[in-house]
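Undergrad: So that we are looking at the same thing, I have put the structure below in structure tokens.
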Amino acid sequence: MTAANPTVSLLEARALSFLRQDEPVFAPLDFQLHAGELALVEGDNGSGKTTLLRILAGLLHVGEGELHWRGEPLQRDTCAGEILFLGHQLGLKADLSPRENLQIAAGLHGCRDGVSVTAVLAEIGLRGYEDEPVRRLSAGQKKRAALARLLLLPATLWLLDEPYANLDRIGIALVNDLLEKHTDAGGAALVTSHGTMSFHGGEPRRIRMHD
Amino acid sequence: MSNWIPLWLHKLGSPPTFYRFAGTLQPWAMTLALLLGAIALYGGLVLAPADYQQGDAYRIIFIHVPSAEMSMFIYAVMGVAAFIALVWRIKLAEVVAMESAPIGAAFTFITLITGSLWGKPMWGTWWTWDARLTSELVLLFLYLGVIGLYHAFEDRRQGARAAAFLAIIGIINVPIVHFSVNWWNTLHQGSTINVFGQSKMSWDMLWPLLTMMLATKFYYAASLFRRVRTDLLALEGGKDWVRKIAEDEAKS
Amino acid sequence: MSTVQTFLAVSGDAAAFFRMGGYAIYVWPAYALFFIVLIADTIAPRLRRRRVLRELRARLSRQQARQDRAGGNSTPLSP
Amino acid sequence: MNRAGLLAACTAMLRRDLTLAWRRRGDIAMPVLYALIVTMLFPFALGPEDTLLQRIAGGVVLVTVLLAMLLALDAMFSSDIEDGSLEQLVMAPQPLALMLGMKILAHWITTALPLIVIAPLMAAMLHLPGAVIPVLLLALLLATPLLSLLGAVLVALTAGTRRSGMLLALMLLPLCVPAVIFAAGAVAAAQQGLPWLAPISWLAAALVLAVVLAPLACAAALRIALDA
């Protein structure tokens, strides 16, 4: 990772908004996210949480306002490989096993030092399911297989859309644990959730979406 | 990137400005189109003498050739607007490109049918697989593809961008089709027909043709302005200037 | 020249004009198509414009109604 | 941290799509069966006259292969969009055009290659002279990747829409006219004992151009399709 200047925020939004058919999906947002920070995006259904995450992931074009990554305008190649996005659709091929899915992800994104696919799958709680087609896993297990990407792939900023959905209590604790380790290591994360979450490392920042 | 575009273009590109601008010009363009069209028709159908080879059948030329020219001219306009729409994301360019497509398709359709009506008495066949005819047919399919793609999207602006992309691909395609059909005709020697006789046109025939070409240009401008205005109202439905227009028109 | 003769001469001209040297069945349908297509192209956006404006007014009156309700009602349903 | 190399990414992509196709082997057989059945219908429709069938054989095989490929084209990106893998691919720190190139290659291997393998059989069903079959295969080897590449761009454009099947045909078929003309032209020329190298080289030139440009266009089109 590049030695980050602590005063420059990792991600900064200035009067960011997005228009769909000329109607703003959410009101102009201003926020900053520094290395080591966790931000919780809150809002009701339809308040534009997912849209916001998709904009930050570079999948949607910025409507109005500005986005800065490490102080520079966010562009596709300035943050390539530093942002990891986990959306509603998990990005897993149903016909492949979790192991194959992760191997492909590692092939495309690279992989953290000293981490192996088998170890990651064991850590996420999929021991014994490594070679089962994803199609046959339960919803919660699929979610875990997708979350395993967080452990395997190198990234500075995590964008997690409803990471707690479909997870049991152990799974939720696991996600919280992952987030804590990530922020401790100097990473940052933006998490959307309408449920409450118990984050051990102090109170997370909150980004409230107004409707 | 947007600093590139001159300021006036930006200003004209703003929907309310263009709406007013087009509203002023549209009646003038339509009047000119009707006037020139009437003159051209009188010159072409009444004043111009019959052709010594083709008799009176050649009079189809006064609508066929201007339509054929318009089918390509409009595609070029659409292509330029599509390019601007994709590069600078100007809403007006998207609208111009997408509203040009139906007009272009109409002219292409007229060209094909009138050409066929002209071909029957002259070559004895409604259709021949000549490079020009085939290119024109492909052009019609391209127009229909652009229109179809535009309407297949729920988000109008996304549809406009996708269809603009297709329009640009089509620009590359038409010359290739023309070239390949020409090549194909040399392979199948038997079926080639000399489409246009090598006769030079007399001035009596030429001036109505040129006038009609001008009339169709003005018609296109008028039709495009009317369509763009309507589309802008639909696209900018939430904006204040559109509300004012809607309220004003309700009063009158 | 009597009026009858004038009429005959003119109508003879007109008949020749409409006969188009025997190519009438090709020339006139071509012109008819040209005008039909272009008139359709002129009318279609007018109808659409009327529809768009009607929808717009409906939307405006809906918004107006909602505002009136929100203003008159002291306890709105949703926060 | 191990940055993913370009080669590793390409092989991962190719292996992924080939494995997926292998897991659903039945789908690979469908275009092949379709092509065989269509070819079989021609003698019944036109009569079993050898000379007539011979004359049309090259064109029929080409058009049938084209239509069979069109059948399979629609599904190129749809499953990737549904399960979100396409988002992951777009966000990967790899050149998207290259990754899509790999995807198109995998698609060509799984749909066009089987069709090319059975093309001699289809040609034989229509009594195409054996001497012409190598030219037919060469024409197919150049024309089918061209169609895969062009098709991929158009599929990417329609990726954001619901109903895309007929629309795709409407958009793709005019673009295919030159490819069909040159491929069929080469076969016809070979059949008449004329030189067939010129149309083949035009096809090759077009293919080279498409290999360079189509993945880039495909990437741009996909970004438009995802942007909503």
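Undergrad: Look at the stretch B:171-190 and say how many of its residues are in a helix (DSSP H, G or I) and either more than 8 Å from chain D (Cβ to nearest Cβ) or of a type in the set (Val, Ile, Thr) (or both). Step through it out loud before you land on a result.
TA: To start, the set of residues in the stretch B:171-190 that are in a helix (DSSP H, G or I) comprises B:171-187, B:189-190.
Next cut, either more than 8 Å from chain D (Cβ to nearest Cβ) or of a type in the set (Val, Ile, Thr) (or both) only: B:171-172, B:174-178, B:181-182, B:185-186, B:189-190.
So the answer is 13.
Undergrad: Give the residue that is surrounded by the fewest Cβ atoms within 10 Å (Cβ to Cβ), with candidates limited to residues of the stretch D:162-172 that are out of contact with any Leu (no Cβ under 7 Å at 6 or more places or on another chain) and either acidic (Asp, Glu) or free of Cβ contacts under 8 Å to residues at least 60 places away in the same chain (or both). Spell out the reasoning first.
TA: Start the filter on the stretch D:162-172 by keeping residues that are out of contact with any Leu (no Cβ under 7 Å at 6 or more places or on another chain), which leaves D:162-166.
With either acidic (Asp, Glu) or free of Cβ contacts under 8 Å to residues at least 60 places away in the same chain (or both) added as a condition, the list becomes D:162-163, D:166.
Values: D:ARG162: 8, D:ARG163: 10, D:MET166: 10.
Among them, the one singled out is D:ARG162.
Undergrad: Which one of these is in contact (Cβ under 8 Å) with a residue 40 or more places away in the chain and crowded, with 17+ Cβ neighbours inside 10 Å: A:LEU90, A:LEU121, A:LEU108? Quick ask: steps written out before the conclusion?
TA: Values: A:LEU121 fails: in contact (Cβ under 8 Å) with a residue 40 or more places away in the chain; A:LEU108 fails: in contact (Cβ under 8 Å) with a residue 40 or more places away in the chain.
Just a single option satisfies the conditions, and that option is A:LEU90.
Undergrad: With respect to D:ALA131, is the statement that it is at the interface with another protein chain (Cβ under 9 Å from one of its Cβ atoms), in contact with a helix residue (DSSP H, G or I) (Cβ under 9 Å, 6 or more places away or on another chain) and surrounded by fewer than 24 Cβ atoms within 10 Å (Cβ to Cβ) true?
TA: Values: at the interface with another protein chain (Cβ under 9 Å from one of its Cβ atoms): no; in contact with a helix residue (DSSP H, G or I) (Cβ under 9 Å, 6 or more places away or on another chain): yes; surrounded by fewer than 24 Cβ atoms within 10 Å (Cβ to Cβ): yes.
Against the criterion (at the interface with another protein chain (Cβ under 9 Å from one of its Cβ atoms), in contact with a helix residue (DSSP H, G or I) (Cβ under 9 Å, 6 or more places away or on another chain) and surrounded by fewer than 24 Cβ atoms within 10 Å (Cβ to Cβ)), D:ALA131 does not qualify.
Undergrad: Step by step: first the residues of the stretch B:146-163, then only those that are within 20 Å of the chain's Cα centre (by Cα) and more than 9 Å from chain D (Cβ to nearest Cβ), then the one that is surrounded by the fewest Cβ atoms within 10 Å (Cβ to Cβ). Which residue is that?
TA: So, considering only residues that are within 20 Å of the chain's Cα centre (by Cα) and more than 9 Å from chain D (Cβ to nearest Cβ), the one surrounded by the fewest Cβ atoms within 10 Å (Cβ to Cβ) is B:HIS151.
Undergrad: Identify, from the list B:GLY115, B:GLY79, the residue that is in a helix (DSSP H, G or I), within 14 Å of chain C (Cβ to nearest Cβ) and touching a residue at least 40 places away in the same chain (Cβ under 8 Å).
TA: On the way: B:GLY79 fails: within 14 Å of chain C (Cβ to nearest Cβ).
Answer to the check: B:GLY115.
Undergrad: Would you say A:GLY114 is within 11 Å of chain D (Cβ to nearest Cβ) and surrounded by fewer than 18 Cβ atoms within 10 Å (Cβ to Cβ)? Full working, then the answer.
TA: Details: within 11 Å of chain D (Cβ to nearest Cβ): yes; surrounded by fewer than 18 Cβ atoms within 10 Å (Cβ to Cβ): yes.
Here the answer is yes, as A:GLY114 does meet what is asked.
Undergrad: Which of the numbered conditions does A:LEU150 fail, given that it passes all the others? Conditions: (1) part of a loop (DSSP other than H, G, I, E, B); (2) crowded, with 18+ Cβ neighbours inside 10 Å; (3) aliphatic (A, V, I, L, M).
TA: (1)
Undergrad: Can B:LEU32 be described as surrounded by 15 or more Cβ atoms within 10 Å (Cβ to Cβ) and aliphatic (A, V, I, L, M)? Walk me through how you get there before you give the answer.
TA: Working: surrounded by 15 or more Cβ atoms within 10 Å (Cβ to Cβ): yes; aliphatic (A, V, I, L, M): yes.
Yes, satisfied.
Undergrad: Assess whether A:GLY114 counts as being in contact with a helix residue (DSSP H, G or I) (Cβ under 7 Å, 6 or more places away or on another chain), on the phi > 0 side of the Ramachandran plot and assigned to a loop (DSSP other than H, G, I, E, B).
TA: On the way: in contact with a helix residue (DSSP H, G or I) (Cβ under 7 Å, 6 or more places away or on another chain): no; on the phi > 0 side of the Ramachandran plot: yes; assigned to a loop (DSSP other than H, G, I, E, B): yes.
Judged against the criteria, A:GLY114 is not a match.
Undergrad: Here's another thing I want to ask about it. Considering B:TYR42, B:TYR58, which residue is part of a helix (DSSP H, G or I), touching a strand residue (DSSP E or B) at 6+ places or on another chain (Cβ under 6 Å) and farther than 14 Å from B:ARG229 by Cβ? First the steps, then the outcome.
TA: Numbers: B:TYR42 fails: touching a strand residue (DSSP E or B) at 6+ places or on another chain (Cβ under 6 Å).
Among B:TYR42, B:TYR58, only B:TYR58 is part of a helix (DSSP H, G or I), touching a strand residue (DSSP E or B) at 6+ places or on another chain (Cβ under 6 Å) and farther than 14 Å from B:ARG229 by Cβ.
Undergrad: While we're here: If C:ALA15 satisfies every condition in (1) at pLDDT below 85; (2) under 30 Å from B:LEU112 (Cα atoms); (3) within 13 Å of another protein chain (Cβ to nearest Cβ) but one, which is the exception?
TA: (3)
Undergrad: Does B:VAL228 satisfy the condition of being crowded, with 22+ Cβ neighbours inside 10 Å, in a helix (DSSP H, G or I) and either without any contact (Cβ under 8 Å) to a residue 60 or more places away in the chain or more than 13 Å from chain C (Cβ to nearest Cβ) (or both)? Walk me through how you get there before you give the answer.
TA: Values: crowded, with 22+ Cβ neighbours inside 10 Å: yes; in a helix (DSSP H, G or I): yes; either without any contact (Cβ under 8 Å) to a residue 60 or more places away in the chain or more than 13 Å from chain C (Cβ to nearest Cβ) (or both): no.
Answer is no for this residue.
The values are calculated or read from the model by the stated rules, or taken from the named source; none is laboratory data. Computed from a prediction, not measured in an experiment: that's the story for all the values here. No Cβ is skipped: glycine too gets one built from the backbone with ideal geometry, and neighbour counts run over all protein chains shown.
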